[in-house]
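Data block below; observations after.
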Amino acid sequence: RKEVEQDPGPFNVPEGATVAFNCTYSNSASQSFFWYRQDCRKEPKLLMSVYSSGNEDGRFTAQLNRASQYISLLIRDSKLSDSATYLCVVNRFTGNQFYFGTGTSLTVIP
Amino acid sequence: DGGITQSPKYLFRKEGQNVTLSCEQNLNHDAMYWYRQDPGQGLRLIYYSQIVNDFQKGDIAEGYSVSREKKESFPLTVTSAQKNPTAFYLCAVGQRSKGGYGYTFGSGTRLTVV
C-alpha cells in the first residue's frame, strides 16, 4: 500500500466553485502534514501546513483526521489562478523522510 | 536573497554519460534532499543528507551518487548505471516551521537522455 494516496483527478470546476481534495496516509506514526501546490513544470511550493484542529488561510481550509488517517483541502470561491496540482505530503520524524502523494490536478474554468 | 539554486535548468545526457546536477543553498540548513519526479508517480527520494560528510540512500538510489563536502552544496551525479534517467530532479532543504518540518524546493533540473 502506498504511504500517501490521493485522487489524481482531474478536477475541472467553474470560477467561484468550492472544491475539496482528499488524501489518506497509511502510517499512523506520521507526525506532520502539508499541502503543496505545484504549477506546470515548476517546483512544489508549500501551500499550508495541516493541524489537528483544522486551519484556514483565506479561501483555503485544511483538515486532519488522525483516527481515519485522512487529510483534506477545501478551496472556496475558486480563482483561475488556483489551477495547479495539489500534493498531499506527510512526514514521520523518524528518519525525517517526507512522503508525497501523486497529486490532484485542478483546472478552474472561466 | 536566501534560497536554493539548482543548475542547470535543462540538461541533455548522451547514453553512457555521467552528469552532475548542482544544488546550492544559503539558508544555513543542515538537511538536504534529492527527489525525482516522473509523470503520474509523484516525488521519489533518491538521497538525503542530514549533516556535512554524511548522506543516506533513499528509495531509488541505484544509479545515482552524491557528496556533501560543504553545508551549502549537495551535488547529485546521475551515472550511466541509471537506465531511465529522464525526469525532473528536485533538490530541497528541510526547515522547521510553525506546522512542523517542511521542505523548500529548488526550481529543478529537467534531465533528458538523447
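The values are calculated or read from the model by the stated rules, or taken from the named source; none is laboratory data. If you're wondering where the values come from, they're calculated on a predicted model, not measured in any experiment. As a convention, Cβ positions derive from the backbone with ideal geometry for all residues, glycine included, and neighbour counts pool all protein chains shown. We work out accessible area using only protein heavy atoms, side chains counted, and drop any ligands, DNA or RNA first. Shrake-Rupley method; radii C 1.70, N 1.55, O 1.52, S 1.80 Å.
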**Looking only at segment B:34-75, and only at residues there that are of a type in the set (Asp, Glu) and outside any loop (DSSP other than H, G, I, E, B), the one that is nearest to the other protein chains (Cβ to nearest Cβ)** = B:Asp38
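In the set A:Val50, A:Val108, which member is more than 10 Å from every other protein chain (Cβ to nearest Cβ) and surrounded by 19 or more Cβ atoms within 10 Å (Cβ to Cβ)?
One residue alone meets the criteria, A:Val108.
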**Prompt:** When residues of segment A:1-21 are filtered for being more than 12 Å from chain B (Cβ to nearest Cβ) and either assigned to a strand (DSSP E or B) or in contact with a Lys or Arg (Cβ under 7 Å, 6 or more places away or on another chain) (or both), how many remain?
**Reply:** 9
**Item:** Filter result for B:Leu27 (part of a strand (DSSP E or B) and more than 12 Å from chain A (Cβ to nearest Cβ))
**Value:** no
**Prompt:** How many of the residues making up segment B:8-24 are out of contact with any Asp or Glu (no Cβ under 7 Å at 6 or more places or on another chain) and either open to solvent by 50 Å² or more (accessible area, probe 1.4 Å) or part of a loop (DSSP other than H, G, I, E, B) (or both)?
**Reply:** 10
**Enumeration of residues in segment B:25-53 that are on the phi < 0 side of the Ramachandran plot and open to solvent by 60 Å² or more (accessible area, probe 1.4 Å)** = B:Asn26, B:Asp30, B:Pro39, B:Gln41, B:Arg44, B:Gln50, B:Ile51
**Request:** Could you run through segment B:75-100 and say how many residues are at pLDDT below 90 and open to solvent by less than 20 Å² (accessible area, probe 1.4 Å)?
**Result:** 3
**Selection status of B:Gln56, in contact (Cβ under 8 Å) with a residue 12 or more places away in the chain and either hydroxyl-bearing (Ser, Thr, Tyr) or open to solvent by 20 Å² or more (accessible area, probe 1.4 Å) (or both)** = no
**Message:** Quick check on segment B:78-91. Is at least one of its residues part of a loop (DSSP other than H, G, I, E, B) and within 10 Å of chain A (Cβ to nearest Cβ)?
**Reply:** no
